[in-house]
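A.B. asks: Starting off with a structure, shown below.
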Amino acid sequence: MFREFLVYHHGSMEYRAKILTLMVSSDGEIDECEKQKLKEIAHKIYEDDKDRAQLLVDTVLEYHTKIVTNNGLDFEHLVWQVAKETKEVKRFSQKIDIELLRELQTCAADEENRLFQERILEFLENLKEEYGNL
């Protein structure tokens, strides 16, 4: 709630958190491999700002907790939010780094989850293509 006031460019960081949450929450849980990859990705995104990288990780974990506890957010609503925000703030489409997100697939426990994550990546790639050139 206070991120809006305390964090510089909070909207951009929250958008990144949402697309990362789509990937790590695809199977309903975040395992140790995903936590480690999430930290690595956050530090790649914000390589010069460790605090912001940690805040990104914390925000992803917060969104994930909301999804699994059914606390005001579910997976489908998160998908809808990402689509809506990409359409409304077209520059957000530049935040979609498919190759970076693909790193999370190495943690997929089974083929079903890998396929679901691949569909998420296709969805995000389509958003990037549709709204990235406007």
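The values are calculated or read from the model by the stated rules, or taken from the named source; none is laboratory data. Since the model is a prediction, treat every value here as computed from it, not as a measurement. With ideal geometry, Cβ positions are generated from the backbone for all residues, glycine too; neighbour counts draw on all protein chains shown. Areas reflect the complete protein model, heavy atoms only, side chains present, ligands, DNA and RNA absent. Shrake-Rupley method; radii C 1.70, N 1.55, O 1.52, S 1.80 Å.
A.B. asks: Tally the residues that are farther than 17 Å from Val60 by Cβ, outside any helix (DSSP H, G or I) and open to solvent by less than 60 Å² (accessible area, probe 1.4 Å), restricting the search to the range 89-112.
C.D. replies: 1
A.B. asks: In the range 24-56, which residues are of a type in the set (A, V, I, L, M) and closer than 15 Å to Ser12 by Cα?
C.D. replies: First, pick out the residues of the range 24-56 that are of a type in the set (A, V, I, L, M): 24, 30, 38, 41-42, 45, 53, 55-56.
Listed by number, the residues that qualify are Ala42, Ile45, Ala53, Leu55, Leu56.
A.B. asks: Then there is this: Out of everything in the range 1-24 that is open to solvent by 10 Å² or more (accessible area, probe 1.4 Å) and over 14 Å from Asp58 (Cα atoms), what residue ends up being modelled with the highest pLDDT? Let's see the steps before the verdict.
C.D. replies: Pass one, the range 1-24, residues open to solvent by 10 Å² or more (accessible area, probe 1.4 Å): 1-12, 14, 16, 18.
From what is left, the residues that are over 14 Å from Asp58 (Cα atoms) are 4-6, 8-9, 11-12.
Working: Glu4: 53, Phe5: 45, Leu6: 51, Tyr8: 54, His9: 54, Gly11: 85, Ser12: 90.
The selected residue is Ser12.
A.B. asks: Next question, about the same structure. Quick check, is Thr86 in a helix (DSSP H, G or I), open to solvent by less than 30 Å² (accessible area, probe 1.4 Å) and among the β-branched types (Val, Ile, Thr)?
C.D. replies: Values: in a helix (DSSP H, G or I): yes; open to solvent by less than 30 Å² (accessible area, probe 1.4 Å): yes; among the β-branched types (Val, Ile, Thr): yes.
Against the criterion (in a helix (DSSP H, G or I), open to solvent by less than 30 Å² (accessible area, probe 1.4 Å) and among the β-branched types (Val, Ile, Thr)), Thr86 qualifies.
A.B. asks: Among the listed residues Leu115, Leu38, Leu127, Leu55, identify the single one that is assigned to a helix (DSSP H, G or I) and within 12 Å of the chain's Cα centre (by Cα).
C.D. replies: Working: Leu115 fails: within 12 Å of the chain's Cα centre (by Cα); Leu127 fails: within 12 Å of the chain's Cα centre (by Cα); Leu55 fails: within 12 Å of the chain's Cα centre (by Cα).
Exactly one of Leu115, Leu38, Leu127, Leu55 is assigned to a helix (DSSP H, G or I) and within 12 Å of the chain's Cα centre (by Cα), namely Leu38.
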